[in-house]
Amino acid sequence: MTQNSAATTPLDLPRFPKDFLWGVATSAYQIEGALTEDGRGQSIWDRFCQEPGRIARGDNAAVACDHYHRYREDVALIADLGVGAYRFSIGWTRIQPNGCGAPNPKGLDFYSRLVDELLARGIRPTPTLFHWDLPQALQDAGGWRNRDTAKRFTDFVQIVAGRLGDRVTRWITHNETFEHSILGHVVGTHAPGLRLWTDAFPVVHHLLLSHGMAVQVLRASLPRSTQIGIAQSMAPARPASERPQDRSAAGMLDLLHARQHCEPLLLGRYPDELAAFGISQSAIVDGDLATIAQPLDFLGINYYNPHYVQAAPPGSPVPLMPAEPPAQYERTELGWPIVPQGLTQMLLELRERYAETLPPLIITENGMALADAPDADGRVDDPRRVRYLQDHLLALRKAMEGGVDVRGYFVWSLLDNFEWADGYRPRFGLVHVDYPTQRRTPKTSYRWYRELIAAQQ
Ligand code: IFM
């Protein structure tokens, strides 16, 4: 089964640079709950969760981790970890219930209180401005297919920066434009549940365009020292076999994922091969690529595992399809293979591909889903997560020794939370959440991460 190393103590880990940033991450929709409180408007995920059969076991995020009410307790948990930064996201519909117009003061107040609470405990707030919870009113007007949504996003960013920019010094525009476009708009397993297939390109383009426009807004209104980046998922595309068809399928996946979502940012152009792939780029307007390719202070990388892929049978609507990962890899609760060396390989490749323009990197997500449960003594022991994190940190260190400039690492996630269409069963947290009582129980991995951070000082 597993080829991963046995768990060792944090002290066995290679040392990271003194100023290396340690953090934990969450997102608004996955933890906050309170969906109808204080003037919050409906998002595409509220609507999606109401549709029968969309979410495993009929779960929804109405309460989630009740973080909206318990944020002080959660910040105390973050502070006890000893991390330097907390990545969270700002729910757009708390600020603009319909995605446009005057801000809702109560929504802004919530994030302002959260920021103050973090700063009071020496933790640097690192908000993500869009983590998939688009206002439903904007979706009704076409969502990310509509170019106007990019403009609406910049208005929202301006409002948030105006309120928090005096205290927030690191910003992330988007989370995973690949997943939001493909899961939400190509295969329809995430909100808004569309199946646009090759017609989804405008979604990709407007997400990336809105990123560039948001960077411009932040730069124009915030101090020069403000750090601005984006969090993109990266998963090496691996062929199911050495057959030429499967190798070509892996090349296509790499094109659609890493290259389509990175090259506009880093090179100011889409890969030429997209046109040959039959994707119409008529959504691109002159000047858009220059807007997208704003200089970044960091590129956030979310890494979980490589994606295995194979050629689809002749006559299929799309030429590639997912393949089973090789049997030697242990899997997480979500069935994802555990391949730490994929992280090293991906980072080295990234540096090689974009040597001239790659900004410093931050690992903005990494972690594993388990079905953790308290034992008879109420303890939540998760040695497999400890080993996962340890092996990925060793893999990260290897890439850094190979010359990749990585400045920080955020564990996904602080808390067990609402894992989108998979509901509550997969648990990613360093802290266990008992949903009926909302009791938080730090797991073994939480203590391990705390020791690791302390040992680096
Ligand atoms: O929970 C998600 C998160 O919202 C985005 N990145 C991947 C995580 C695990 O699936």
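Which members of the stretch 425-450 meet the condition of being touching a helix residue (DSSP H, G or I) at 6+ places or on another chain (Cβ under 8 Å) and within 16 Å of the ligand (Cβ to nearest atom)?
Arg425, Leu430, Val431, Ser445
Among the residues of the stretch 219-251, what is the count of those that are among the hydrophobic types (A, V, I, L, M, F, W, C) and out of contact with any helix residue (DSSP H, G or I) (no Cβ under 8 Å at 6 or more places or on another chain)?
Within the stretch 219-251, the first condition is being among the hydrophobic types (A, V, I, L, M, F, W, C), and the residues that meet it are 220, 222, 228, 230-231, 234-235, 237, 240, 249-250.
Restricting the remaining residues to those that are out of contact with any helix residue (DSSP H, G or I) (no Cβ under 8 Å at 6 or more places or on another chain) gives 220, 231, 249-250.
Result for the stretch 219-251: 4.
Looking at (1) under 30 Å from Arg397 (Cα atoms); (2) away from the ligand (no atom under 16 Å from the Cβ), which one does Tyr71 not meet, given that it meets all the others?
Checking Tyr71 against (1) under 30 Å from Arg397 (Cα atoms); (2) away from the ligand (no atom under 16 Å from the Cβ), the one that fails is (1).
Which residue out of Phe178, Phe153 is within 16 Å of the ligand (Cβ to nearest atom) and under 30 Å from His307 (Cβ atoms)?
Selected residue: Phe178, the only one of Phe178, Phe153 that is within 16 Å of the ligand (Cβ to nearest atom) and under 30 Å from His307 (Cβ atoms).
Considering the stretch 326-369 alone, what residues qualify as being more than 16 Å from the ligand (Cβ to nearest atom) and farther than 24 Å from Phe16 by Cβ?
Going through the stretch 326-369, the residues more than 16 Å from the ligand (Cβ to nearest atom) turn out to be 326-330, 340-341, 344-345, 347-361.
Answer for the stretch 326-369, where residues must be more than 16 Å from the ligand (Cβ to nearest atom) and farther than 24 Å from Phe16 by Cβ: Pro326, Ala327, Gln328, Tyr329, Glu330, Arg353, Glu356, Thr357.
Given the residues Trp171, Trp144, Trp132, which is the only one that is aromatic (Phe, Trp, Tyr) and within 16 Å of the ligand (Cβ to nearest atom)?
Trp132
In the stretch 268-293, how many residues are crowded, with 21+ Cβ neighbours inside 10 Å and closer than 19 Å to Arg351 by Cα?
Counting residues in the stretch 268-293 that are crowded, with 21+ Cβ neighbours inside 10 Å and closer than 19 Å to Arg351 by Cα gives 1.
Mind telling me which of the residues Leu265, Leu296 ends up being within 30 Å of Asp148 (Cα to Cα), buried (at least 18 other Cβ atoms within 10 Å of the Cβ), out of contact with any Asp or Glu (no Cβ under 6 Å at 6 or more places or on another chain) and without any contact (Cβ under 8 Å) to a residue 60 or more places away in the chain?
Of Leu265, Leu296, the one residue that is within 30 Å of Asp148 (Cα to Cα), buried (at least 18 other Cβ atoms within 10 Å of the Cβ), out of contact with any Asp or Glu (no Cβ under 6 Å at 6 or more places or on another chain) and without any contact (Cβ under 8 Å) to a residue 60 or more places away in the chain is Leu265.
So Pro319 passes all but one of these: (1) in contact (Cβ under 8 Å) with a residue 24 or more places away in the chain; (2) surrounded by fewer than 16 Cβ atoms within 10 Å (Cβ to Cβ); (3) under 23 Å from Glu419 (Cβ atoms); (4) not acidic (Asp, Glu). Which condition number does it fail?
(3)
Inspect all residues belonging to the stretch 154-164 and state whether any of them is free of Cβ contacts under 8 Å to residues at least 40 places away in the same chain and out of contact with any helix residue (DSSP H, G or I) (no Cβ under 6 Å at 6 or more places or on another chain).
No, the conditions are met nowhere in the stretch 154-164.
Give the residue, chosen from Arg224, Arg219, that is in contact (Cβ under 8 Å) with a residue 12 or more places away in the chain and more than 16 Å from the ligand (Cβ to nearest atom).
Arg219
Within the stretch 384-391, can one find any residue that is of a type outside the set (Lys, Arg), within 15 Å of the ligand (Cβ to nearest atom) and in contact with a Phe, Trp or Tyr (Cβ under 8 Å, 6 or more places away or on another chain)?
yes
Answer with yes or no whether Leu138 is crowded, with 17+ Cβ neighbours inside 10 Å, among the aliphatic types (A, V, I, L, M) and closer than 21 Å to Thr26 by Cα.
On the way: crowded, with 17+ Cβ neighbours inside 10 Å: yes; among the aliphatic types (A, V, I, L, M): yes; closer than 21 Å to Thr26 by Cα: no.
Criteria not met by Leu138.
Here, each number is a calculation from the coordinates, and none is a lab measurement. Predicted, not measured: the structure shown is a model, and the values here were computed from it. Ideal geometry is used to build each Cβ from the backbone, glycine not excepted, and the neighbour counts take in all protein chains shown.
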